[in-house]
Amino acid sequence: IQMAAPMNELDTVKHPMLLYDQSRQYKTFVHYVEPKENKNKDDEDDGNKDDDGGGYMKLARWIDKAGVTGELGQTGGTKAYFYSRLTKTTTNKNVNDILSIYIQELAPPQDW
C-alpha cells in the first residue's frame, strides 16, 4: 500500500492510498472516511475506532512507522507491504473479488 507524498510541508490532506499487487492486476484506493458526528449508542458498531477513518489511519501509522520509499524516492511517497488474501464469491451470477488485508503486522519489504 503506497501513501502519497505530501504536496508541501503544509499539506494535511489525507490523500487516497494506492493498494496494489506485484503484477498490478489488482489495484484500488483506500480512502479516509470522516468519523460520524454524534454517533448514537444504537448505531451498528463497525469495529473501527471513531478516529480511525475507516481503517485509513491504522494503515497510515504503519506506513509512517515502517514504510520504505519506492522507485521515485520521497517524491513518489512511502509504501509498506501487508499480508493479504483474495476471496472469490459468487452471488446472483456475479463474481466478486474480496481483498482482505492483515493489518496486525507488516510483511517483509519486497524488491518489486
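For the range 31-59, the set of residues classified as modelled with pLDDT of 90 or more and touching a Gly at 6+ places or on another chain (Cβ under 8 Å) consists of His31, Tyr32, Val33, listed by residue number.
A quick yes/no check of all residues on (1) loosely packed, with under 10 Cβ neighbours inside 10 Å; (2) over 16 Å from Lys27 (Cα atoms); (3) not aromatic (Phe, Trp, Tyr):
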site	(1), (2), (3)
Trp62	no, yes, no
Ala80	no, no, yes
Asn94	yes, yes, yes
Ile103	no, yes, yes
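Here Gln74 fulfils each of the conditions (1) within 14 Å of Gln2 (Cα to Cα); (2) modelled with pLDDT of 80 or more apart from (2). For the range 82-92, residues that are in contact (Cβ under 8 Å) with a residue 24 or more places away in the chain and either of a type in the set (Asp, Glu) or exposed (fewer than 15 other Cβ atoms within 10 Å of the Cβ) (or both) total 2. Taking the residues in the range 1-28 that are assigned to a strand (DSSP E or B) and closer than 21 Å to Lys65 by Cβ as candidates, determine which candidate is least open to solvent (accessible area, probe 1.4 Å). Only one residue fits best here, namely Met17. For the range 85-96, does any single residue satisfy the condition of being part of a loop (DSSP other than H, G, I, E, B) and at pLDDT 90 or above? So far as the range 85-96 goes, no, none of its residues is part of a loop (DSSP other than H, G, I, E, B) and at pLDDT 90 or above.
Residues to consider are Met17, Met3; find the one that is modelled with pLDDT of 90 or more and out of contact with any Leu (no Cβ under 7 Å at 6 or more places or on another chain). Of Met17, Met3, the one residue that is modelled with pLDDT of 90 or more and out of contact with any Leu (no Cβ under 7 Å at 6 or more places or on another chain) is Met3.
The values are calculated or read from the model by the stated rules, or taken from the named source; none is laboratory data. On a predicted model such as this, the values are computed, not experimentally measured, just so you know. Don't worry about glycine lacking a Cβ; one is built from the backbone with ideal geometry, like all the others, and counts go over all protein chains shown. Just the protein is used for accessible areas: all its heavy atoms, side chains included, with ligands, DNA and RNA removed. Shrake-Rupley method; radii C 1.70, N 1.55, O 1.52, S 1.80 Å.
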